[in-house]
Structure formats: C-alpha cells, structure tokens
1. Just checking, which of Ala26, Ala52, Ala82 is at pLDDT 95 or above, within 24 Å of Tyr195 (Cα to Cα), within 16 Å of the ligand (Cβ to nearest atom) and crowded, with 18+ Cβ neighbours inside 10 Å?
2. Checking Glu222 against (1) crowded, with 18+ Cβ neighbours inside 10 Å; (2) assigned to a helix (DSSP H, G or I); (3) not aromatic (Phe, Trp, Tyr): exactly one of these is not met. Which one?
3. Only one of (1) without any contact (Cβ under 8 Å) to a residue 12 or more places away in the chain; (2) in contact with a Gly (Cβ under 7 Å, 6 or more places away or on another chain) is not met by Asp110, so which one is it?
4. Just to confirm my filter: which helices (runs of 4 or more DSSP H) fall fully inside segment 98-209 and include at least 1 residues that are surrounded by fewer than 20 Cβ atoms within 10 Å (Cβ to Cβ) and of a type in the set (A, V, I, L, M)?
Amino acid sequence: MQTYCTVCERSGVKFAPLPDFYRHTAMRHGFRHFGRAETIALDSYSCSSCGASDRERLYAWWLNDQIKTGRLRKGQRVLHFAPEGPLSKKIRRLGMFDYKTADFMMPGVDFNIDIMDIPFEDESFEFFICSHVLEHVVDDNLAVSELARITHRNGCGILMAPICLDISETFEDSSATSESERWRLFGQNDHVRLYSHQGYVNTLECNGFSVQQLGVDIIGRELFVQLGLSQTSILYIVTKTPPLNNTWNPASRHT
Ligand SMILES: [Zn+2]
C-alpha cells in the first residue's frame, strides 16, 4: 500500500524513524517506558518530505475529514498551542480559519501566554489544537479547565499528551526537579508527569470536556498503515460538556 502524508498531501513519501537520541537519552537516565507510548510510531515517525510527525499526520487527517463534513468551517476562530511547524503551515495554507498560535515561551507565535491563565474571554474559539503541552504544565487540571472555558459551546479541540501504556494511573512527583530525574521518571527533561490512558481521560472529563477516542478500530487499519501510525495510536477529540444548570439551547448545540 502506498504511503500518504496528510500534512504535505504527498503520496509515496518515506517515513523516517524517531532519531536515536531519544532512545539513547532515555536509556542513559534509566527511563523504563521508552517506546511504550500510546501514540508514537518509532519506525515511521517523521515524513521525509515535510517533517510532520506521525501525530501531526493523524491530526491533519481529522482536520481534512472535518472540513469535508462541514464541522469545521470557513471563518471559525482557531487557537493552536505549541504549534508544530508542518501542521501549522498546512493550516495557514488552507486559509479558511481565523487562525492564531500561542505558546508560553516559543518565539514567533501570535500570543505568548500561560495556559493556566489564558487571557481570552469565555467561548472565544470554535476549535483548538493543544498537543504535548499538558505534560509540561504544573497544574494540568487548571490548564484543561481554561481550555474548556475558552472553547465555544459548539466547539471542539484536539487535546493530546504522551500516554504510557505500562501504567494504570497517572504518575506525578513534584520532588523530581532535575533534568536527569525527569528523564528517569517521565521520559523527558521538561516533563512533570507521566499519564496513564484512564488517568488522562479522567483529567479531561473532570475539567469540562467530553472525550471522543479515535483509534484503529474507528479510523481503520488501512489508513493507519498508509499514514505510518502505530496500531495503539488514539486521537482525543474533546467537546465542551454542558453545565449542569444547562441554559444552552440544545437545538443549536450541534449547528
Ligand atoms: Zn509530509
């Protein structure tokens, strides 16, 4: 089957493996779970044409699909945290959204902001992408509730973090402050926790989101192979959970 990159939209592309640096550094620091992440294709990590990672190709597939079905529409306000270069370029190329980028530190984004204290009004965005940010954030509950707050009641988001397949509960240790301790416990020098699958879902659900999980059973084995995804990959799509004292108009919720 021919490979396909949904980010640069080229067929027959080659996917390069994750650079050895990560494996070597993880091993050197004694991280026990290298290669046991839910969504990472070690052998087919980056598109050699545009550089997009496996997860970016998954997000781009979903974006294409949502645009086709009309769920994502022209003129919608979109906020992209810690924007991945190839994916961000693709979204700009589409030219259909009111698209803004944000990050705590990264230069060149539209807004340098703290995700635990987002300086936007409630329901400011119809769609957001926030991938591989929460594992760096001290208070992820606060960050997720902020994301839910700025999401429009009919809006949605791609909300992803690295998830470890080996553990059943999310693991945190605030005493691990050195880079080598963080490598050893969490698998990267600047991560502050290691999510379990259920622990991650709970964090999203407890802070204002309903979670849709799209894995190989829904997306299909063939497409997974074509995009170079690992079979355990799961795309998390979040929508805002209606408040208990629901005053929203149900008729408009899915428009
Ligand atoms: Zn590509």
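The values are calculated or read from the model by the stated rules, or taken from the named source; none is laboratory data. Everything quoted here is computed from the prediction, not taken from an experiment. Heads up, the Cβs are rebuilt from the backbone with ideal geometry, glycines too, and the neighbour counts pull from every protein chain shown.
1. After applying the criteria, what remains is Ala52.
2. (1)
3. (2)
4. Output list reads 140-150, 197-205.
One line per residue, one yes/no per condition, for (1) closer than 20 Å to Thr239 by Cα; (2) within 16 Å of the ligand (Cβ to nearest atom):
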site: Phe34; (1), (2): no, no
site: Tyr45; (1), (2): no, yes
site: Thr69; (1), (2): yes, no
site: Gly75; (1), (2): yes, no
site: Phe111; (1), (2): no, no
site: Asp114; (1), (2): no, no
